[in-house]
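Asks: Here's a structure for you.
The values are calculated or read from the model by the stated rules, or taken from the named source; none is laboratory data. What you see is a predicted model, and the numbers here were worked out from it, not measured in a lab. Backbone-built Cβ (ideal geometry, glycine too); neighbour counts: all protein chains shown. Ligands, DNA and RNA are stripped out before the accessible areas are found, and what is left, the full protein with its side chains, is counted by its heavy atoms. Shrake-Rupley method; radii C 1.70, N 1.55, O 1.52, S 1.80 Å.
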Amino acid sequence: RLRVIDGRLRQALGPHDVTGAKIDVEISETAVDARGDFLLKGIPVKFAGQHFLNTTPDRQSPLRLTLKLDDADRAQLGLDINDIVAGEIPIEITLGPDAKGEMQAQLNADLTKAEFMLDSVAYRKPPGVAARVQFTPVKAAQGRLELRNFKIVGDSIAAEGSITLGPDGKARELAFPDFSLNVVSHLDVQGRLRPEGIWEVRAKGAAFDGRDLFRDLFNVQNQPKPVPKDKPGLDLFAEIETVLGFSDTKLRGVRLSLQRRNDGGTEKTTSLSVTAKHETGKAFEASIRNSSDRKLTASSQDAGQIFKAVGFYPNAIGGTMSLEVTLDGRGAVERNGVLRAENFAVLGDPVVSEVFQTSDSGTAATARKKIVRERIDFDWMALPFSAGCGQFVMNDVEIRGPLVGARIRGKADFKTRRLQMGGTYIPLSGLNSALGGIPIAGQILAGPKGEGIFGITFAVIGPMSNPEVLVNPISGFIPGILRETQQLAPDSYRITPCAVAASAPARPDAARSSSAAPANTGRSPAAATPRAQPPDVLTDWSSDKHPVAKPKTSDKPNDQR
């Protein structure tokens, strides 16, 4: 028996020294057993192994090393992978001779507790979802190291291929002929790091689940993540026959070219070109122009299909769409732009139908008993918007159709998951607006913004999952020039700076507070702004009013209610 205390070994694993080793060795007539622990550049490592005497190399048991690496440990060892993985990772390394007697290593890592990210395909495995990585490192020419039989297997990912590391330990080439995500996506991915520090990646495949990519592209909650200043850029070229979107939509023949660059520790998409066709055969295009202010432009000959595909709005059908977005905002506004659509329809939207039906009837109780309008046609829509700090704000939105129209403004806070929206609903908007064109009298009756002679103000307030629809039927009998005094929402909304939004706690009744709507100025009760109330008590003209128990009538004849 042999015991080693405080053992040291220089450059035991690459350039790293082993220190503080405690080893217990037991030698018998048939085998040598060794186990213990040591520090690898300050990181604890446990090991255990057994060597059988008078046995061929292929029958030997491997030496097993186990350790756990968090973000700081990986940085300390020079493993530059914290941009794709975050969190603690248990690792097992086996060392043993192969059939030829040469020492061979295999690494197995458990990613279950870690976050694993592949930005180029918008893939993210959250902590708690099972996934494992294994590979065999083999020395190659010119000081390179090949990670052969590289496999990633998990609940939502499966990939097999190889990665080549340079003398500095950083990846130089990758080849994954079978790369699968979320069961649906199957790609052949090949990449190499060019001398100027740009990854050139080419991907081809029959199918790709694009929902995470669309969600990542249009998610207003995303804050730019800091990245190492030396992180390489990306040139991605993809040819995919079918890309799946939300609401069971598909884009065919997708051709994508993307450039992403590291701008002083912030990663930005500097160039984008996408062409595809909807299932209806109509075209879709999107691009980003690289200038002082990056501009994203997109157009579709089937607005309803693209709204569904990217998860923007599932109830639109038909029409054409154009989008312009300034990606480099200022201050709290990170992005702003305008969405336009023409000749489209809304099909079976319960909130839209509820606003129009409630407004037509004047009472919410009867609106609930009506059949939801299956289709509402619109001629055009203009939607200016801004986004930032997890908020989406729209002001001066105008939508017009032959039967109905509206002017809308509102704000969606994706951190608190609450919605505040209001405006004016215009019945028979075509005729209504035409009458508003009468000189002087028509302008007075139609209002300063020219919505129409007849208009009813409304608001949609509450949690995004189930907002309340409120209407003000009194506003329909008031001249347009005074209609703005009957609004149930502020005149305009703005993005709340991130620091202010984070410090203000979200209240259940925040959407109904006096700060979110004009103060009551002596109007009629129906037109007054609803005050803050408990979540289960709504106003008399709410579309989702709970029945109120009536007081019991006394049996005495002289009792009065």
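Asks: Select from region 182-198 the residues that are open to solvent by 50 Å² or more (accessible area, probe 1.4 Å) and within 19 Å of Asp168 (Cβ to Cβ) and list them in ascending order.
Replies: Arg192, Pro195, Glu196 - these are the residues of region 182-198 that are open to solvent by 50 Å² or more (accessible area, probe 1.4 Å) and within 19 Å of Asp168 (Cβ to Cβ).
Asks: Something else about it: Can you spot a residue in region 305-312 that is part of a strand (DSSP E or B) and modelled with pLDDT of 90 or more?
Replies: Looking through region 305-312, none of the residues is part of a strand (DSSP E or B) and modelled with pLDDT of 90 or more.
Asks: Taking region 207-243, which residues are at pLDDT 90 or above and among the β-branched types (Val, Ile, Thr)?
Replies: Ile240, Thr242, Val243
Asks: I need the full set of residues from region 47-84 which are touching a Leu at 6+ places or on another chain (Cβ under 7 Å), among the aliphatic types (A, V, I, L, M) and either closer than 17 Å to Lys229 by Cα or not in a strand (DSSP E or B) (or both), in order please.
Replies: Selection gives Ile84 alone.
Asks: Can I ask one more? Taking region 249-291 as the region of interest, how many residues are on the phi > 0 side of the Ramachandran plot and either open to solvent by less than 40 Å² (accessible area, probe 1.4 Å) or at pLDDT 90 or above (or both)?
Replies: 3
Asks: Is it fair to say Arg59 is under 30 Å from Leu258 (Cα atoms) and either in contact (Cβ under 8 Å) with a residue 60 or more places away in the chain or open to solvent by 40 Å² or more (accessible area, probe 1.4 Å) (or both)?
Replies: no
Asks: While we're looking at this one, here's another question. If you scan region 295-322, which residues turn out to be surrounded by fewer than 18 Cβ atoms within 10 Å (Cβ to Cβ) and of a type in the set (Lys, Arg)?
Replies: Once the filter is applied, which keeps residues that are surrounded by fewer than 18 Cβ atoms within 10 Å (Cβ to Cβ) and of a type in the set (Lys, Arg), region 295-322 yields only Lys295.
Asks: Out of Val133, Val153, Val201, which single residue is part of a strand (DSSP E or B) and surrounded by fewer than 16 Cβ atoms within 10 Å (Cβ to Cβ)?
Replies: Only one candidate passes the filter, namely Val153.
Asks: Out of all the residues in region 247-299, which are over 22 Å from the mean Cα position of the chain (by Cα) and closer than 19 Å to Phe344 by Cα?
Replies: Within region 247-299, Lys277, His278, Glu279, Thr280, Gly281, Lys282, Ala283 qualify.
Asks: What are the pairs with Cβ atoms under 6 angstrom where one residue, in region 102-129, is at positive phi and the other, located anywhere, is charged (D, E, K, R) and open to solvent by 50 Å² or more (accessible area, probe 1.4 Å)? Sequence gap at least six, or different chains.
Replies: Taking only residues 6 or more apart or on different chains, the pairs are Ala122/Asp212; Ala122/Asp216.
Asks: Which members of region 225-244 meet the condition of being under 14 Å from Val121 (Cα atoms) and either free of Cβ contacts under 8 Å to residues at least 24 places away in the same chain or not acidic (Asp, Glu) (or both)?
Replies: Leu234, Leu236, Phe237, Ala238, Ile240, Val243, Leu244
Asks: So, one more: Sort out which residues of region 449-466 are open to solvent by 30 Å² or more (accessible area, probe 1.4 Å) and at pLDDT 75 or above, and write them in order of number.
Replies: If the condition is that a residue be open to solvent by 30 Å² or more (accessible area, probe 1.4 Å) and at pLDDT 75 or above, then Pro463, Met464, Ser465, Asn466 are the ones that fit.
Asks: Same structure, new question: Which residues, counting only those in region 26-46, are in a strand (DSSP E or B), β-branched (Val, Ile, Thr) and exposed (fewer than 14 other Cβ atoms within 10 Å of the Cβ)?
Replies: Passing the criteria: only Ile27.
Asks: All but one of (1) modelled with pLDDT of 80 or more; (2) aliphatic (A, V, I, L, M); (3) open to solvent by 60 Å² or more (accessible area, probe 1.4 Å) hold for Ala406; state the number of the condition that does not hold.
Replies: It is condition (3) that Ala406 fails.
Asks: When only residues in region 136-150 that are farther than 26 Å from Pro228 by Cα and of a type in the set (D, E, K, R) count, which is surrounded by the fewest Cβ atoms within 10 Å (Cβ to Cβ)?
Replies: Lys139
Asks: Further question on the same structure: Can you name the residue in region 412-428 that is part of a strand (DSSP E or B) and out of contact with any helix residue (DSSP H, G or I) (no Cβ under 9 Å at 6 or more places or on another chain) and, of all such residues, is surrounded by the most Cβ atoms within 10 Å (Cβ to Cβ)?
Replies: Here the answer is Gly423.
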